[in-house]
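The values are calculated or read from the model by the stated rules, or taken from the named source; none is laboratory data. What you see is a predicted model, and the numbers here were worked out from it, not measured in a lab. Here the Cβ positions follow ideal geometry from the backbone for every residue, glycine too, while neighbour counts run over all protein chains shown.
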Amino acid sequence: MDIKFDTDTFRFNVRSSCIVKDLKHKYVVLTDMRAIRDHEALMLPGGRIEIMESSDKAVAREIEEELGIKANYKLIGIQENYNVPINFHMVEFVYYAETDDILGKSFNPKDNWEKCKLIEIDKNDEYDIRPYPVKDLIKMENYNNVYHSINYDWANEIS
């Protein structure tokens with residue numbers, strides 16, 4: 001059972017995600033953000049943490065489910081993501097991993113949804129990646145500190 005709750009006026013969940021790069025730091029895997037429907041928006045692969053599951057176990061499970069890879073994960077950040085117009089709040093533990101297992105890989109979705117894509121890191125400004133601070137995180141070469149961000153742009157559509 002996922003860590004989440006919904007009321008008539010509010011939604012909350014907890015998620016683990018990961019910046020997955022190749023060993024030369026030229027590519028990163030992102031996933032389609034289905035919450036935004038008016039254009040393509042991308043986010044880090046991952047998913048909800050289950051009750052009594054640690055964030056590191058959750059990211060390992062989610063990345064294996066979504067990408068079919070196993071890796072070593074390092075916690076690099078905690079994000080608080082909000083969509084105020086719909087009263088949505090998500091806490092996200094962000095991890096980092098690198099592996100060449102993503103190169104030349106075909107991400108075959110089980111539900112006919114093009115879930116994941118490999119993009120060139122030096123071209124990530126061409127994409128709508130949410131929350132916006134993730135673009136800068138992807139470009140980083142070293143993850144020596146754990147960062148914290150509060151984001152109000154998480155799933156707001158562009159008007």
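A few points about this structure:
- Candidates Glu40, Glu53: the one that is closer than 17 Å to Val94 by Cα and part of a loop (DSSP other than H, G, I, E, B) is Glu53.
- Breaking point among (1) of a type in the set (Val, Ile, Thr); (2) under 30 Å from Asn145 (Cβ atoms); (3) surrounded by fewer than 20 Cβ atoms within 10 Å (Cβ to Cβ); (4) modelled with pLDDT under 95, for Val91: (4)
- Any pair with Cβ under 7 angstrom, 6 or more apart, that starts in the stretch 130-148 at a residue that is hydroxyl-bearing (Ser, Thr, Tyr) and ends at one that is at pLDDT 95 or above: Tyr143/Lys74; Tyr143/Ile76; Tyr143/Tyr96; Tyr147/Ile76; Tyr147/Gly77
- Out of Ile86, Ile69, Ile3, sole residue that is loosely packed, with under 14 Cβ neighbours inside 10 Å, among the hydrophobic types (A, V, I, L, M, F, W, C) and farther than 21 Å from Met140 by Cα: Ile86
- When the stretch 105-138 is limited to residues that are out of contact with any strand residue (DSSP E or B) (no Cβ under 9 Å at 6 or more places or on another chain) and over 25 Å from Asn83 (Cβ atoms), the one that is modelled with the lowest pLDDT turns out to be Asn112.
- Enumeration of residues in the stretch 30-66 that are under 20 Å from Lys139 (Cβ atoms) and small (Gly, Ala, Ser): Ala41, Gly46
- Residues (closer than 19 Å to Lys4 by Cα and more than 15 Å from the chain's Cα centre (by Cα)) located in the stretch 21-56: Glu50, Ile51, Met52, Glu53, Ser54
- Subset of the stretch 1-37 (residues that are touching a residue at least 12 places away in the same chain (Cβ under 8 Å), acidic (Asp, Glu) and either in a strand (DSSP E or B) or at positive phi (or both)): Asp2, Asp32
- For the stretch 14-60, the set of residues classified as of a type outside the set (Gly, Ala, Ser), modelled with pLDDT of 95 or more, touching a strand residue (DSSP E or B) at 6+ places or on another chain (Cβ under 8 Å) and more than 16 Å from Glu98 (Cα to Cα) consists of Val14, Arg15, Arg48, Ile49, Glu50, Ile51, listed by residue number.
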